[in-house]
Amino acid sequence: MIVIVAAIKDEVAGFLAKGDYRESARQGAVSHRVSDRWPDVTVTIGGAGRDRAEAATREALKRYEPDLVVSAGFAGGVAPGFLVGDIVLCDKVWATEGTQDGDESHNPVEGVPERWLHEISGSQRRGECLSVTELAATSDVKQALGAKFPVDVVDMESYWVTETAARAGVRSIVIRAVLDPVERSLPGLVTGLLGAGTTARWIRGLTYVATRPWSVPDLLTLARETAVARGALGRMLETIASTPWPQTEAIAAMRSADAGR
């Protein structure tokens, strides 16, 4: 069993639609989704930030007892050379809190079979990810993070998802689609929409546009780039869902052998 943990539905909307996923359970703000197409791959959506990422992961671990947790979503580039929609498989994840020095790191891909990683590999890059407590929305902030940490992309959940899985003895990987390269700053509206419900997003979005009509071109650009990142992430997750996890493959072989007796 593989569990994909995402912060926001929009990040994985393409994958959810492709697999015809439906909500199977809801625990507070945590939504669980299952699919008949990929019954061994569930999706848990829990919200942005450390607390929500940890809570969603704990709930998914308890409910599904997975063999692998995949932290998936968008990220900002903090190193040059990344384009919108680039996929990064993170060999190491960092966090900006947790030790006396204000940072810590661990390797989420430890214990994940290299053969399986090779099978899902495509155009994605291997890199490192930093999880922060507040959205790194501006180019200046991302450049500063890239200068301080040996990382390629930044998000708000990956470290906490994979660290929670590691405490439970479950292996994990991090898949991130670049939404905003290091040279780009996100519109101020994005920060206000994090964690907001559908109605609140509409109200804040309309208010933002009404008071800043000059921002419309930037918002349209962001919408196009979001579609690109969402599509790239969806294709990567589809590859993961279609590639049998080694234990699942072994179980299928045993069932086939039993059926032939």
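For the range 28-43, what are the residues that are outside any loop (DSSP other than H, G, I, E, B) and either surrounded by 21 or more Cβ atoms within 10 Å (Cβ to Cβ) or of a type in the set (D, E, K, R) (or both)?
Once the filter is applied, which keeps residues that are outside any loop (DSSP other than H, G, I, E, B) and either surrounded by 21 or more Cβ atoms within 10 Å (Cβ to Cβ) or of a type in the set (D, E, K, R) (or both), the range 28-43 yields HIS32, ARG33, VAL41, THR42, VAL43.
Across the range 10-43, what is the number of residues that are within 13 Å of LEU237 (Cβ to Cβ) and either hydroxyl-bearing (Ser, Thr, Tyr) or modelled with pLDDT under 90 (or both)?
Residues in the range 10-43 being within 13 Å of LEU237 (Cβ to Cβ) and either hydroxyl-bearing (Ser, Thr, Tyr) or modelled with pLDDT under 90 (or both): 3 in total.
When you look at ALA25, is it of a type in the set (A, V, I, L, M, F, W, C) and either under 15 Å from the mean Cα position of the chain (by Cα) or in a loop (DSSP other than H, G, I, E, B) (or both), yes or no?
So ALA25 fails the test.
Show the residue pairs meeting these rules: Cβ distance below 6 Å; 6+ apart or different chains; first residue within the range 112-135 and under 23 Å from GLY169 (Cα atoms); second residue in a helix (DSSP H, G or I) and of a type in the set (Gly, Ala, Ser).
CYS129/SER158; SER131/SER158
Give the range 117-146 a look and list any residue that's closer than 18 Å to ALA166 by Cβ and crowded, with 17+ Cβ neighbours inside 10 Å, or say none.
Across the range 117-146, the qualifying residues are GLU128, CYS129, LEU130, SER131.
Give ASP91, ASP86 a once-over and let me know the one that is within 16 Å of the chain's Cα centre (by Cα) and surrounded by fewer than 21 Cβ atoms within 10 Å (Cβ to Cβ).
On inspection, the qualifying residue turns out to be ASP91.
Here are LEU89, LEU16: which of them is within 24 Å of VAL132 (Cα to Cα) and of a type in the set (A, V, I, L, M, F, W, C)?
Only one candidate qualifies: LEU89.
Go through (1) at pLDDT 95 or above; (2) surrounded by fewer than 19 Cβ atoms within 10 Å (Cβ to Cβ) one by one and return the number of the condition PRO246 breaks.
(1)
Residues that are among the polar types (S, T, N, Q) and either within 23 Å of ASP152 (Cβ to Cβ) or modelled with pLDDT of 95 or more (or both): does the range 70-82 have at least one?
Yes, because at least one residue in the range 70-82 is among the polar types (S, T, N, Q) and either within 23 Å of ASP152 (Cβ to Cβ) or modelled with pLDDT of 95 or more (or both).
Evaluate the range 95-108: report whether one residue or more is touching a helix residue (DSSP H, G or I) at 6+ places or on another chain (Cβ under 9 Å), at pLDDT 90 or above, farther than 18 Å from THR162 by Cβ and not β-branched (Val, Ile, Thr).
No, the conditions are met nowhere in the range 95-108.
Suppose we filter the range 1-25 for residues that are charged (D, E, K, R), in contact with a strand residue (DSSP E or B) (Cβ under 7 Å, 6 or more places away or on another chain) and either closer than 18 Å to SER172 by Cα or surrounded by fewer than 20 Cβ atoms within 10 Å (Cβ to Cβ) (or both); how many remain?
Matching residues across the range 1-25 total 3.
With respect to GLY46, is the statement that it is surrounded by 23 or more Cβ atoms within 10 Å (Cβ to Cβ) and small (Gly, Ala, Ser) true?
So GLY46 passes the test.
The values are calculated or read from the model by the stated rules, or taken from the named source; none is laboratory data. Quantities reported herein were computed from a predicted structural model and do not represent experimental measurements. Note that we place each Cβ from the backbone using ideal geometry, even for glycine, and neighbour counts take in every protein chain shown.
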